[in-house]
Amino acid sequence: MKSKKKNAKTITDSTIDPDVLAYTVGDDPILDLNLAVWDCMGTAAHVTMLSEMKGLKRPIVTKGEAATVRKELGKIAALAEKGKFVIRIDDQDVHMAVERMLTEKLGDLGKKIHTGRSRNDQVAVDVRLHMKDAILRTESELVGLAAQLELFGAKTGMVPLVGRTHLQPAMPSSVEMWATGHAEMILDQLENLEAAYRLADANPLGSAAGYGVPLPLDRRRTTELLAFSRSIHNCFGASMARGECEAALLSALAQLMAVLSRLAEDMILFSMPEFAYFKLPRAYCTGSSIMPQKFNPDVLELVRSKAAQVLGLQTASLSLLHAMPGGYNRDLQDCKWLYMKGLDITRTTLRILAKVVAGTTVDPDRCRKAFTPGVFATDVALRKVANGTPWRDAYHAVRDQFAALYDGKPAEVASIDPDEAVAAKCHEGTTGGIDHEVYRGRMETALKDISTRLGALQSAKKALFR
């Protein structure tokens, strides 16, 4: 029996089977809504450059026509920002949707905007602009969580907390040291995000399908207009870089999520009734359908799950790339969903954790009662060293005391006060040597830099739509 389905028409294909169209289009009509403003921005820069090209008998687009196109693109971008931009399935993607709208409004002028471009370099520039903006906003949210942890540490101060290795009691620590330690680990993840940002901050526009075009395109001009720091010099390299930026960003996000997962795990453990060092905000705990007394740390458990998801997205992106031949291949389309999903999970997690940390309280008495004599063993050994005993002799002397202690006999390790032990360590970075200005300075510098770069992107966008 012959299929009754009719072939569909699109702007690039005269006829295509509807099932094949739906399969190849995939989620682009939805995902590309995130790229609509950036696509308008890239098109505005490209049209401006076309109007300024030298060496042609007649301009492909006049400066007046370019201004008309830019103005219309500004209107489309405004629709997108209001959530009123629509991508039809026969458009296939944001690029064709924008071109359709321009052609409907401007006629033949709208048909000229794709001159010297491919959807390959078009989506590449859209993704990089979107990524630059999203990375900076992720960094801002990262700093927001670190700030809550720093504040948490500053408010609780040197409340003693059992430091652990292998989950076993180890040495005296403090809530302040715990909180600011996690803050520092999180702030360090800015380095990975910055590496992903630098990779994205390069302009692929003008590479077309990866081999350039026989027109005198001024790629430096679009780089300047779009506020990129540089162009990707080699057109083939620009095409090959598709997917690499997405994988690099997902790598940074996966490492950040792993750090956040460890924070969540600590908070789950320390809020257990058997520990009860921390009390989680009730508004962020869920109940049980059968046990009335339950207040579960579901949100923190889901942080662990979300971390696993982002790690999976990173693996998927690298697996997608590893056997791909040179040049453009349609597989790359699926990188879009991977990095956008990774960004959404990570940014949401950062915001949620900041709320949980801000609402968490500490029980100082439970923290102090958790100290057992063994926690002070290293401190006692070091006191002996300070009085002239060689380290290894001091180590064995204290170790031998524990046999007596466990037999119920008194030992000097049983008499140390947790607060005294915490106050006794004063060198840089330990319980008595936490300098909050280190964290505040890093966060202030980071936020200023983020604001400057976000401002540059916004200024470029505003200038292009004039």
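The values are calculated or read from the model by the stated rules, or taken from the named source; none is laboratory data. In this text the structure is predicted, and so the values were computed from the model without any measurement. Here the Cβ positions follow ideal geometry from the backbone for every residue, glycine too, while neighbour counts run over all protein chains shown. The protein model used for the area step is the full one, side chains on, heavy atoms only, and it has no ligands, DNA or RNA in it. Shrake-Rupley method; radii C 1.70, N 1.55, O 1.52, S 1.80 Å.
Numbers below:
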| read-out | value |
| --- | --- |
| Residue within region 197-217 that is of a type in the set (K, R) and either crowded, with 17+ Cβ neighbours inside 10 Å or assigned to a loop (DSSP other than H, G, I, E, B) (or both) present | no |
| Of all residues making up region 32-49, the number that are within 16 Å of T103 (Cβ to Cβ) and touching a Ser or Thr at 6+ places or on another chain (Cβ under 7 Å) | 1 |
| Test: residue in region 333-340 that is modelled with pLDDT under 95, touching a Lys or Arg at 6+ places or on another chain (Cβ under 9 Å) and surrounded by fewer than 19 Cβ atoms within 10 Å (Cβ to Cβ) | no |
| Residues of region 148-186 satisfying the condition of being over 19 Å from A424 (Cβ atoms) and of a type in the set (S, T, Y) | T165 |
| Number of the condition not met by K63 [criteria: (1) charged (D, E, K, R); (2) open to solvent by 10 Å² or more (accessible area, probe 1.4 Å); (3) in contact with a helix residue (DSSP H, G or I) (Cβ under 7 Å, 6 or more places away or on another chain); (4) modelled with pLDDT under 95] | (4) |
| Count - residues of region 19-47 that are open to solvent by 10 Å² or more (accessible area, probe 1.4 Å) and of a type in the set (V, I, T) | 4 |
| From L256, L215, residue being under 17 Å from the mean Cα position of the chain (by Cα), modelled with pLDDT of 95 or more and on the phi < 0 side of the Ramachandran plot | L256 |
| Residue check, L217 in contact (Cβ under 8 Å) with a residue 60 or more places away in the chain, closer than 27 Å to Q333 by Cβ and aliphatic (A, V, I, L, M) | yes |
| Flag for Q148 being in a helix (DSSP H, G or I) and either open to solvent by 30 Å² or more (accessible area, probe 1.4 Å) or at pLDDT below 95 (or both) | yes |
| Conditions (1) modelled with pLDDT under 95; (2) loosely packed, with under 13 Cβ neighbours inside 10 Å: number failed by I416 | (2) |
| Matching residues, region 266-319, being among the polar types (S, T, N, Q), under 25 Å from D363 (Cβ atoms) and surrounded by 14 or more Cβ atoms within 10 Å (Cβ to Cβ) | S271, N296 |
| Only one of S51, S140 that is assigned to a helix (DSSP H, G or I), at pLDDT 95 or above and open to solvent by less than 40 Å² (accessible area, probe 1.4 Å) | S51 |
| Qualifying positions in region 341-359 - closer than 11 Å to L253 by Cβ, open to solvent by less than 40 Å² (accessible area, probe 1.4 Å) and not β-branched (V, I, T) | G342, L343, L350 |
| Unmet requirement for T223, which otherwise passes all of (1) in a helix (DSSP H, G or I); (2) touching a Lys or Arg at 6+ places or on another chain (Cβ under 8 Å); (3) touching a residue at least 24 places away in the same chain (Cβ under 8 Å) | (3) |
| Matching residues in region 80-127 - criterion: being surrounded by fewer than 16 Cβ atoms within 10 Å (Cβ to Cβ), part of a helix (DSSP H, G or I) and within 27 Å of the chain's Cα centre (by Cα) | E81 |
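So that you can scan it fast, the table gives a plain yes or no per residue for (1) closer than 20 Å to Q122 by Cβ; (2) not β-branched (V, I, T):
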residue	(1), (2)
C40	yes, yes
A45	yes, yes
T48	yes, no
K54	no, yes
R58	no, yes
K63	no, yes
